[in-house]
Amino acid sequence: MKQQHLKILLFAFTIWNLTACDSTKRLTEGEYLLDKNTVLINDEKDNSETINSLIHQKPNKKILNTPLGLHIYNTARPNKDSLFEVWLNKKPKRRERLERKLSKKQLLKVKESSIDFNNWLKKTGEAPVIVDEQKTKKTVKRLQDYHINNGWFNAKSSYTIDRKDNKRAYITYKTETGTPFIIDSISSSIATPIVDSLYQTFKNKSFIKPNEQYKTTNFELERKRITNELRNLGVYHFKQDYVSVEIDTIGTNKKVNVDFKISNKTVRYQDSIGREPFKIYKIKKVNVFTDNSYANEGKPYLDSIAYKGYTLYSYNKMRYRPKALTDAIFVNPNTIYKDIDRTLTYRHISELRTFKYPNIENIEHADSTLTTNIYLTPLKKFSLGFDAEASQSNIQSVGFSLNPSLQIRNIFKGAETLEISAFGSIGASKDNKNEREQFFDINELGIDFNLTIPRLFSPFNTNKIIPKYMSPSTRISISASSQKNIGLDKQTFSGTFNYNWRPNSKVTNKLDLFNAQYVRNLNPNNYFGVYSTSYNTLNGIAESLNYNGDNNLDYPIQTDAFITDVLSGNTSLSSNDEDYQTVSAINERKNRLTEDNLILSSSFSFTKDKRTNLFDENFSIFRFKVEAAGNLLSNASNLLGLKKDSNDRYELFNVAYSQYIKTELDYVKHWDLGKKNVFAMRSYFGIAIPYGNSSNIPFSKSFFAGGANDNRAWTAYSLGPGSSETTNEFNEANLKIALSLEQRFNIFEDLYGAIFVDTGNIWNALDDVEDDKATFTNFNSLKDIAIGSGFGLRYDFSFFIFRLDVGFKTYDPFYQDKNRWFNDYNFGHAVYNIGINYPF
């Protein structure tokens, strides 16, 4: 009870501080709180992010015109001890009353907690931004320099400070740009003839172009570009300092004449410094030291191999096939030196995941050649991993899991990596209806073999189609898992053979040549135990018909018998009755979800990600995937002598294989609006069409709507299909459309807010579902697109984003012919989503 009083007391004290808060109450004589900056460029306001970034002092951040961070900071007091005492003595007998309720010791703890809380307020809040005229002058210089560097050579900037009686101040910055200077003629003066010849081959790609406005940044980019071009054309000693620029604006009528100057190479002699022409360097020899380490330093090499101009050395017996290493090395013997080859070599060797970051050194020779030495330090051949977890869920009261893993590098001497991971868990179920002989009655076991080969594993030469600079790799995986007392107790076996390659830094391609999946349900009789909503609906219809008296249907015997009697016409229900159609739909879904699945598919995925780094907020991502399943088995059915089941479907291993084609389009776009404001959009379209041996899509390949990363006004699997009122725990279909818009903004420090609108739904199309409310027939079906809206908070922990979103059903297609707008738009029907990182 005392702890509760303590919390109430601390809360009351905090509220008292907040209500007493004033933005300027902490300012001393002569200090003014910066309330607003105004920037005028040629007498017009400029609120662009570019200009705003030049301002040295900015007002405290405001939310709904309230500086929340400043108010939080101002609740913290420098003399917290005395302030608390003042509060205790403010009312007669307050101290005596609190000491009687809490004791002197507890009251002292309240005081200490208050001081700690005070320090937290200072750290969390935002200190008042007090006008500093020196910083204002720095801003004026920044504004003037910015415009001069962008071609307004005659720009002049100034400022005025308007100080008010309420201790607030307003700063106005003014810049008069004048007429911009324009690039006119461009010439070059290059001392080394060979460099001059090379420059002529790439000068047309210059950042500096006639009739464009002068920009200093373009000259810096051009100097860097010239350096990169020449170093990739064999000019080994070239550096950016050798490129200088002379500009002439005297008597040119606002024109700029540009002359690029490239001097000769600087040479240091014993007692002087001279210059000599640059030379083109070639790679004479490439040496690869495969097991470099501090322990091996100074030892003789035991083994060496010459391979296609490369020489590989090893202090011990050679552990690698030469081709596996040379495929990752782009520095080639008897070719001109290129910086890009060195960069690609660093990247590709690192991608092998077999060595630490390599060390590459060049030894220069008198004949303008280089010997490249590549030192590789192997990682340990074996790596062990082990994870353990305790958990609780809606199906188990307690559970424990273990996840050991083993990684074997260079397993076949070709820099291949084999990962073997296993999964095992046990748990105690919450199902009180079943009498258990043992406490831990839930278990799940699984194992996964994953082999990564750093090239395309193929009997054909694919180098011309997918060259090695695209980082081709092959992944072969086999996995198996088994569940007991979880759902329908599934056994799953899968195998994958795929290729991956990257044509450039922004594009990734993935080709699944072979992807096989077999799912076997060991306990289909537990269907109505798992899908309780379907059971309750079915049992309710049976009660209305007095099918089993006052008793509930037992499953599976009585539930299956009731379904059979209804569909066979042995009850009072006719095929036109709504309850009859409901029972039929439950039976179709039951048969679909309890049948075993065999999927043999191939797919291709394309991803174009234009992000430049993790902090880039002005980018787009486009993903495309197409998948086809069952075609190989369909063409070979007669050849293999496959038999058909009662539904006229071919079976393999007594399982009807799935046949379909599926495609997905996903586009994400972010716009950086400045000041930590981002507008994000995601659009998605997916469809899976069954044909041939299938009339529907396997559950694992279908689409669902709702959830923390979809339409956040609905929980996962609860939305759709269409406007149908389903009785399923997991609603899914084979067509999906989604569009989401989100505005993200900074509140203060690492706390961000968001407002969002999510739209979309799922439908059945071109499959065996006949419910008009659940099927997509034409564009009129788009009226069933659901709309959710809401707001959220995000906290940036640097290595991940914690996210809380509150979604409200704005337009709900489940109301069908009634008004669909804002029926459940309240906190009572809101959906609360917790997620990690942004939804898109």
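With contacts defined as alpha carbon pairs under 8 Å and 6 or more residues apart, what's the relative contact order of segment 282-375 in percent?
That works out to 36 percent.
Summing Lys and Arg as +1 and Asp and Glu as -1 over all other residues whose Cβ lies under 9 Å from the Cβ of GLY722 gives a net charge of -2. Residue-wise HN-Hα couplings along segment 421-427, as the Karplus relation 6.51 cos²θ - 1.76 cosθ + 1.60 with θ = phi - 60° gives them from phi, are 10, 10, 9, x, 8, 9, x Hz; Gly and Pro carry x.
Note on segment 748-796: with charges restricted to the Cβ of Lys and Arg (+1) and Asp and Glu (-1), its dipole about the Cα centre is near 240 debye.
This model, with +1 at the C-beta of Lys and Arg and -1 at the C-beta of Asp and Glu, gives the chain a dipole about its Cα centre of some 4320 debye.
Cα centroid separation, segment 201-267 to segment 709-760: 52 Å. Label separation (PHE606 vs HIS829): 4.3 nm, computed from points 7 Å beyond Cα along the C-beta direction. Two decimals is fine: what is log10 I(q)/I(0) at q = 0.11 Å⁻¹ for the chain, from a Debye sum with one equal scatterer on every Cα and no solvent? One equal scatterer on each Cα of the chain leads to -1.39. Could you tell me which of LEU553, ILE689, ILE442 has its Cα farthest along the dipole of the chain towards the positive end, charges placed at Cβ (Lys, Arg +1; Asp, Glu -1), taken about the Cα centre? Of the candidates, ILE442 comes out farthest on the positive side.
Count neighbours as other Cβ atoms within 10 Å of each site's Cβ, and list the trypsin sites (Lys or Arg not before Pro) in segment 571-651 that are DSSP loop with at most 16 such neighbours. If you can, show how the numbers build up before the last one.
Values: sites: ARG589, LYS590, ARG592, LYS608, LYS610, ARG611, ARG623, LYS625, LYS643, LYS644, ARG649; in loops: LYS610, ARG611, ARG649.
Here the sparse-neighbourhood loop sites are LYS610, ARG611.
Estimated from the Cβ-Cβ distance and a Förster radius of 22 angstrom, the FRET efficiency linking THR377 and ILE411 is about 0.70. Net charge dipole, segment 524-594: roughly 320 debye, given to the nearest 20, about the Cα centre with Cβ charges of +1 for Lys and Arg and -1 for Asp and Glu.
Using R0 = 41 Å, the C-beta based FRET efficiency linking TYR691 and ASP259 works out to 0.05.
The aspartates and glutamates whose alpha-carbon is closer than 12 Å to the alpha-carbon of LYS215, local same-chain residues fewer than 8 away aside, are ASP145.
For the set LYS203/LYS254; LYS58/LYS675; LYS490/LYS590, the pairs lying more than 18 angstrom apart at their alpha carbons are LYS203/LYS254. Volume per residue of the convex hull around the Cα atoms, evaluated for segment 282-375, comes out as 99 Å³.
Rounded to the nearest 0.05, what FRET efficiency do ASN570 and LEU793 give with R0 = 56 Å and r taken as the Cβ-Cβ distance? Could you check?
Details: r = 57 Å, r/R0 = 1.02.
Once rounded, the FRET efficiency stands at 0.50.
If you find the alpha carbon centre of segment 509-538 and of segment 557-625, how far apart are they in angstrom? Centre-to-centre distance over Cα atoms comes out at 10 Å. If I model segment 380-522 as equal point scatterers sitting on the Cα atoms and use the Debye formula, what is log10 I(q)/I(0) at q = 0.10, 0.12, 0.17, 0.18 Å⁻¹? Once normalised to I(0) and log-transformed, intensities are -0.51, -0.67, -1.01, -1.07.
Checking the a/c ratio against 1.5 first, then a/b against b/c, what shape does the Cα gyration tensor give for segment 524-594? In terms of gyration-tensor shape, oblate. Summary value for the chain: 5 percent relative contact order, contacts being C-alpha pairs under 8 angstrom separated by 6+ residues.
Over segment 380-522, what relative contact order in percent results from Cα pairs under 8 Å that are six or more residues apart? Write down the numbers at each step before the final one.
Details: 329 pairs, mean separation 22.5, N = 143.
Relative contact order for segment 380-522 comes out at 16 percent.
Can you tell me how much longer the chain between SER368 and SER700 gets when fully stretched, taken as 0.36 nm per residue apart minus their C-alpha distance, in nm with one decimal?
Numbers: separation 332, 0.36 × 332 = 119.52 nm, distance 6.22 nm.
Roughly 113.3 nm would be gained on extension.
How charged is the neighbourhood of PHE606? Take every other residue with its Cβ under 12 Å from the Cβ of PHE606, and add Lys/Arg as +1 and Asp/Glu as -1.
Residues close to PHE606 contribute a combined charge of +3.
Straightening the chain between GLU276 and LYS62 buys 70.9 nm, computed as 0.36 nm per residue apart minus the Cα-Cα spacing.
Annotation note: GluC sites (Glu not before Pro) in segment 21-62 located in DSSP loop regions with a Cβ neighbour count of at most 10 within 10 Å are GLU29.
Stretched out straight at 0.36 nm per residue, the stretch from PHE779 to LEU614 would grow longer than its current Cα-Cα span by 55.5 nm.
For SER206, no residue has an amide H sitting under 5 Å from its own, ignoring neighbours fewer than 5 places away on the same chain, with H placed 1.01 Å from N. Placing unit charges on the Cβ atoms of the charged side chains and taking the dipole of the chain about its Cα centre, the candidate lying farthest along the positive direction among ASN60, GLY414, PHE400 is ASN60. For segment 449-537, applying the loop criterion from DSSP together with a ceiling of 11 other beta carbons within 10 Å to the chymotrypsin sites (Phe, Trp or Tyr not before Pro) yields PHE460. Amide hydrogen proximity for TYR310: with H placed 1.01 Å from N in the peptide plane, no residue at 5 or more positions away or on another chain lies under 5 Å.
Name the shape class, rounded, prolate or oblate, that the alpha-carbon gyration tensor gives for segment 654-774, where a ≥ b ≥ c are the square roots of its eigenvalues, rounded holds for a/c under 1.5, and otherwise prolate holds if a/b is larger than b/c and oblate otherwise. Intermediate values should be presented prior to the final figure.
Details: a/c = 3.06, a/b = 2.26, b/c = 1.35.
Since a/c reaches 1.5 and a/b is larger than b/c, the shape of segment 654-774 is classed as prolate.
No value in this document is a laboratory result; all are computed from the given coordinates. Predicted, not measured: the structure shown is a model, and the values here were computed from it. As a convention, Cβ positions derive from the backbone with ideal geometry for all residues, glycine included, and neighbour counts pool all protein chains shown.
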